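Notes follow the structure.
No lab work stands behind these numbers, since they all come straight from the coordinates. Just so we're clear, the structure is a prediction, and the values are computed from it rather than from any experiment. Cβ atoms come from the backbone with ideal geometry, glycine included; neighbour counts cover every protein chain shown.
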Amino acid sequence: MPDLDQSTQNGSPLLEGLTDAQRAAASALEGPVLVLAAAGSGKTRVITRRIAYLMEQGVPAWSILALTFTNKAAAEMRERIEKVLSPAGGESRHARGLVVTTFHSLCARLLRRYAEVLGLNPDYSIYDTSDQLSLVKRLIGELDLSTSNFPPRQVLSVISNSKNQLVDAEMFAASAMDFSTRNIAKIFTAYQRGLKKAGAVDFDDLLLLTAKLLREHAQVRRECQDRWQWMMIDEYQDTNRAQFEIASLLAGTPEERGAKPNIFVVGDPDQAIYGWRGADISNILDFEERFQGARVIALGENFRSTAPILSAADTLIRNNRQRKHKDLFTKRPGGERVTVTLTRDERHEAEILTDWMRDLIQASADGDRPMTWNDCAVFYRTNALSRVVEDQLRRAQVPYVVVRGTAFYQREEIKTALAYLRVVANSDDDVSLLRVINTPTRGIGKAALGLLQNFAAGHGLSLFAALRRADEISALSPRARNSVREFVSTVDHWNGAGSFMGASLPGSLRDLAERVITESGLESHYKAQAAKNEAEEDRLDNLAELVSSAAEFEENYDPADDPMQFDAAVAGVGTDEPHMLALLRAYLESVALVADADAVDSETGAVTLMTLHAAKGLEFPIVGMVGLEENVLPHSRAHTSDQELEEERRLCFVGITRAMEHLHMTAAKYRTVRGISERTIASRFLEELGSEHVHMTDRSDSLGGYGPSTGTGESWEDSANQFPQTRSISSSARQSQRADEGSQMAAGLREGAMVRHPRFGAGKVMSVMGGSNARAKIDFRTVGVKTLVLEYARLEPLD
DNA sequence: GTTGCCAAGTTTTTT
DNA sequence: ACTTGGCAAC
């Protein structure tokens, strides 16, 4: 371990520009440190500088491990570190080997590396919610239980909670007493057996199995501890029990280390919003107990928001009882009050926010800092609320982007194509195989499939192994037998019968993806569909987009980036394995672990729309929040306990504290839920903002003539005096003026402009279509005209 | 074996 | 409102 010179540290240029508290945190190098960082207090800055500073002090990059919650946050942090290390730009040599990643990715890699120790297939698939669901449904059937007594979703949620508490199927079964719980335990056990047989793990297993691996295998633990001498965890308040255990095991004990472990965690209890996913705020309290002698540093000063926004947030969060109060303060003077508006209905709500943003942008045009749509964001509690806002923005021709990173991968055609690839990587993966075996239909229907599944179960085989022995099933019709034979040989053709050594193997991941899509018949299937139904045309584009995503991944793939390449000597494992398989595996892993928040792109020139959860960690000068109503925020499902209600309040707090300069919160008097318009009740959180820093307006009766008339409910009457009536000044006159500009910004592209695509090369923009899935028709020199979904197409403008 | 229609449940947030 | 799953007709 390098000798850290404590005396010179404050002189490092890397610590310049930090406040005293920030500097204290960034330069607290050794031993356990807990940083309680209030919203907007510069915690990312502290972590970034600290890592850079460690390296400057001679700590090798590869001995540092930084954990974040989203890939996006990890990528950003890495970028910022590289910037700090070499401000002039250019390759930074220092950062090589530095691991900045998410808990889940780290675990995925650890499990890959030590698969053998756990008796796990190293080519394991990662099951997402829908894969889990289809497995559990099948098992409930096989166990002769009914899905109405055991709703698969609920069963899965019990299983997930259990795993997050580090309780595996065995332990769960041991403590299951009543009838229902015992049956759930049966399903749990069967589920784990099913996963194991399929060579698959779910999201929770990634954590649970890693915790097990580290706990039970001292050798593995030692290897990891030797490698990572310095650990950092961001958003620590959102770690669950399993993550705490993993962090704890990686950090080690003073006895194991011969010194206090260097673990540095940063969190804010007021921003804990993942309790429902098993996150446990007591991890913050337990930190000092587990890591004796931990230093605790508080960052209180806010550098993000104006005073009124901050005061409103502070006033709100004081309503949480289970909380240690810490002052939020800013030295920034001035700032306008927070706007709260009661609107007629959800369309009116979206309209008002749109006008508001447009007016702010206009007003700033002549100032020293002109704003653009890029500076605006709209947050909502549930994804369903985005639609109306989208509609309104589209009508007003305002460019916008919906942050939903997982949406692409959940489309039917993409899921199917990926299922094919998963079968190529791991033919034991029954859930994926079942998805593709008759998609598109190839004559292996219910009857044939039943026989094959029986045969598999009877011989203890995976389904694919049963397919290979289809000839032994006499009941199978010759026709089906033929289809099966053909299917098996197609798959064999793709993966060299599982060995990836066959002569006809495709040379690249892109080729493989392309071949799978055509040779599986998916392409012609969707082509036929598209000919019948225009709405299906997207699917072909999406499949093409998947191929480019694979191509892009391949281009950026560097096996040396794998955090498990401990060093050339230790890495031994896997050096002579087929490159193609490693690549495919890494690709499938990367698509399995995308998060919604990963799709945030600050360069689009568009308003950003996202859930409050996805907004964590971000900031925008102009923020709108919709749906400040009871049963929306706080959500109707969060009314059963104080804990849930307080989490909703923190969620609201997170939204407010994203705003730097302007904040507008709205509530609709009537909201259409599942087709029917319902009277709403204003969110209790609005009152809890206090009145001093808030400007409330009731516009629910303005522009009358639409929606039900007032007077039926008491809900708004109670607080009527808080919403003084004002006349709405429509800015629609200004709308058309900026409309053209807006739609072009949506794409960031103009017709006739030249762009570069990672795969297709240079091309000319023929036309641009805005909206939620903005597309552009582009004429490429190499491949001709293609329609691309801008969100996924990584186009670069060329001038 | 495949296709198309109707009924029912459904979504709170996400790795 | 919108998707999903089950069932009957082709």
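For region A:307-461, what is Rg from Cα atoms divided by 2.2 N^0.38 Å, rounded to two decimals?
1.76
Given the Cα-Cα distance of A:Asp391 and A:Ala457 and 0.36 nm per residue of separation, how much length would full extension add, in nm?
Stretched fully, the A:Asp391-A:Ala457 segment lengthens by 18.7 nm.
For A:Asp561 paired with A:Val117, estimate the spin-label separation in nm (one decimal), with each label point 7 Å from Cα along the Cα-to-Cβ line.
2.5
Within a 10 angstrom radius of the beta carbon, how do A:Asp359, A:Asp428 rank from fewest other beta carbons to most?
In order of increasing Cβ crowding within 10 Å: A:Asp359, A:Asp428.
Consider all pairwise Cα distances in region A:18-67 and report the whole-number % of them above 18 Å.
Above the 18 Å cut-off, region A:18-67 has 26 percent of its Cα pairs.
Give the share of C-alpha pairs in each 5 angstrom bin for region A:236-389, from 0 to the last occupied bin, in whole percents, shortest bins first.
Pairs per bin, as whole percents: 1, 7, 11, 13, 14, 14, 12, 10, 7, 5, 3, 1, 0, 0.
Could you estimate the translational diffusion coefficient of region A:192-306 from the Stokes-Einstein equation, with Rh from the Kirkwood formula over C-alpha pairs, at 4 °C and 1.567 mPa s, in whole µm²/s?
In µm²/s, the coefficient is 82.
Summarise the long-distance tail of P(r) for region A:171-240 by giving the % of C-alpha pairs beyond 17 Å.
The share of Cα pairs beyond 17 Å in region A:171-240 comes to 64 percent.
Quickly work out the A:Asp178-to-A:His695 label distance, labels modelled 7 Å from Cα along the C-beta direction, and quote it in nm with one decimal.
5.4
Along the Cα→Cβ direction, 7 angstrom out, place labels at A:Glu223 and A:Glu288. What is the inter-label distance in nm?
3.8
Whose amide H sits under 5 Å from the amide H of A:Val340, counting only residues 5 or more places off or on another chain, with H placed in the peptide plane?
Result for A:Val340 returns A:Met665, A:His695, A:Met696, A:Thr697.
Could you please rank A:Ser432, A:Ser700, A:Ser248, A:Ser130, placing first whichever residue has the fewest other Cβ atoms within 10 Å of its Cβ?
Ordered by Cβ neighbours within 10 Å, fewest first: A:Ser130, A:Ser248, A:Ser700, A:Ser432.
In Å, what Kirkwood hydrodynamic radius results for region A:276-367 from the alpha-carbon pair distances?
17.4
Please report, for the Cα atoms of region A:454-554, the Rg to one decimal and the Dmax as a whole number; what are they, in angstrom?
Radius of gyration, then largest Cα-Cα span, for region A:454-554: 16.8, 46 Å.
Quick query: amide H of A:Asn631 versus all other amide H atoms, modeled in the peptide plane; which residues come in under 5 Å with a sequence gap of 5 or more or a different chain?
Those lying under 5 Å, H to H, from A:Asn631 are A:Ser636.
What's the exposure ranking of A:Met665, A:Met357, A:Met171, going from fewest to most Cβ atoms within 10 Å?
If I rank by nearby Cβ atoms, fewest first, I get A:Met171, A:Met357, A:Met665.
So what's the convex hull volume per residue for the Cα atoms of region A:17-119, in Å³?
Residue-normalised Cα hull volume stands at 137 Å³.
List the lysines whose Cα sits under 26 Å from the Cα of A:Lys764, skipping any in the same chain fewer than 8 residues away.
Answer for A:Lys764, where 26 Å is the Cα cut-off: A:Lys527, A:Lys777, A:Lys786, listed by chain and number.
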